[in-house]
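Undergrad: I have a structure I would like to understand better, so I am pasting it below and will then ask my questions one at a time.
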Amino acid sequence: MNKTMSESIKESIKEPIKEPMIDRKGFEPGAVGDRKAHDSEKLRYIDAHIHLEQYGEQERSLIFHDIAEGIPISMLLAVSMNLPSCQRTRELYRRYPHIVRPAYGFHPEQPLPSEDELAELLAWMEQTVHEAAAVGEIGLPYYMRTEVEQAGQAFYLQPYIDLLERFIAFAAKHNKPVVLHAVYEDADLVLDLLERYKIEHAHFHWFKGSEKTVERMIGLGYYISITPDISYEEEIRRLAARYPLELMMAETDGPWPFEGAYDGRMTHPLMVADVVRHIAGIKSVAVEEAAAQVYGNTCTFYRLQRQASG
Ligand SMILES: [Zn+2]
C-alpha cells in the first residue's frame, strides 16, 4: 500500500454515499456536539459500548476519519454478538489497535447456539483472551422473552441463564470484566450469578431497572453506562440522578439509532460528549469535571491506558 490509511479514508469519503439511510448531517460540526468547543476544552471521551462491526463500511470509515481528524474520542469499546461478529471485531482491533478495544462474547437477544457452536466460540475466546478488554456482550434476552410472552407463548429462560453462566465462569477464570445486557427483573438473576462467581468488574450497559436493583448494583460497585437517550428519556435521567458518577460511563450502543435530536442520524461515537453534558447537568457539576470522571471511570474499569488530554 503506497498511501496512508488516513489518505485512503479521505479518498473513500469523496465518493457520494449511496445508502439512503445515512444522514451526512451527523458529521457536520455542531451536529453531534460542537467540535471546536470540545477541542478548546481539551476533553477526551470513550464510547464504552459500540457494535463497531455492525456499521456499514462507509459509515465506519467516516467514524475513523473523524477520529483521525481529531475529534476528542480516544477509544471505542467494541463488543461482539457471536463468533463471526467476534472475528470481525478482531479485524477492526488489528486494523486500529490504538482506538479499538475488543470484547468477545455472545449477545443474548438471539437464538441459542448449538453445543458445538458454543464450544467453538469458547475455544476461540480462550485463544484470544490476552487481547480482550472484556467478555461481552453477554446477558439475558429481556426483549425477546417479553415479545414471545406477550404473544401468549412460553419462553424458556433457563437455557439462557445456563449459557450466561458459561461466560461468567469464563470471565471469572480469566479475571476479565463482563459487559452485560440485563435489564429490569433479568438484572437480579444476573446479579445472583455475578455474586456466585465473585465477579468484581461488571458493566451493565444501557441499564434500566427497579430502585431495589439499582441499590443492589451500587452496593456491589458495579458500573452502568448511559446512552444518548438521556436527552429525552425520563427513566434514564432519573437513573443518572441516582447512580454515583464514580460508577458511570457513556456509550452509544451504535449503530443503534436514537430519537429526539438524533432522529434520522447515524449514531456516532461523538454523541457520548452530549451524554456527558447531560450527566453534568443532572449532577450539577461542570462538564469538564463530569468528562474527566467518566473518562477516568472507563479507563479504570477496562484497564485502559489514559491518554494525555488534547
Ligand atoms: Zn450492545
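Here, each number is a calculation from the coordinates, and none is a lab measurement. These numbers come from a predicted model, not from an experiment. Heads up, the Cβs are rebuilt from the backbone with ideal geometry, glycines too, and the neighbour counts pull from every protein chain shown.
Undergrad: With the radius of gyration and the Kirkwood radius both derived from the Cα set of the chain, what is their ratio Rg to Rh?
TA: So for the chain, dividing Rg by the Kirkwood Rh gives 0.95.
Undergrad: With the cut-off at 26 Å, tell me which of the pairs LYS198/LYS283; LYS173/LYS208; LYS212/LYS283; LYS176/LYS208 have Cα atoms farther apart than that.
TA: LYS198/LYS283; LYS173/LYS208
Undergrad: Could you tell me the center-to-center distance, by alpha carbons, between region 242-269 and region 199-232 in angstrom?
TA: The two parts, judged by their Cα centres, are 14 Å apart.
Undergrad: Scan the chain and hand back the longest stretch that contains none of the trypsin sites (Lys or Arg not before Pro) lying in DSSP loops with at most 11 other Cβ atoms within 10 Å.
TA: 19-197
Undergrad: Apply 1/(1 + (r/R0)^6) to the Cβ-Cβ distance of ASN175 and ASP116, taking R0 = 22 Å, and write down the FRET efficiency to the nearest 0.05.
TA: 0.20
Undergrad: Further, regarding this structure: Sequence-distant or interchain residues sharing an amide H contact under 5 Å with LYS208, placed H: which?
TA: TYR184
Undergrad: What percent do you get for the relative contact order of the chain when only Cα pairs under 8 Å and 6+ apart count?
TA: 20
Undergrad: Could you give the length gained on full extension between GLU57 and GLN150, defined as 0.36 nm per residue of separation minus the Cα-Cα distance, in nm?
TA: Here the segment from GLU57 to GLN150 would lengthen by 29.8 nm.
Undergrad: Please tell me the relative contact order of region 64-183 in percent, rounded to the nearest whole number, where contacts are Cα pairs under 8 Å and at least six residues apart.
TA: Relative CO of region 64-183 lands at 25 percent.
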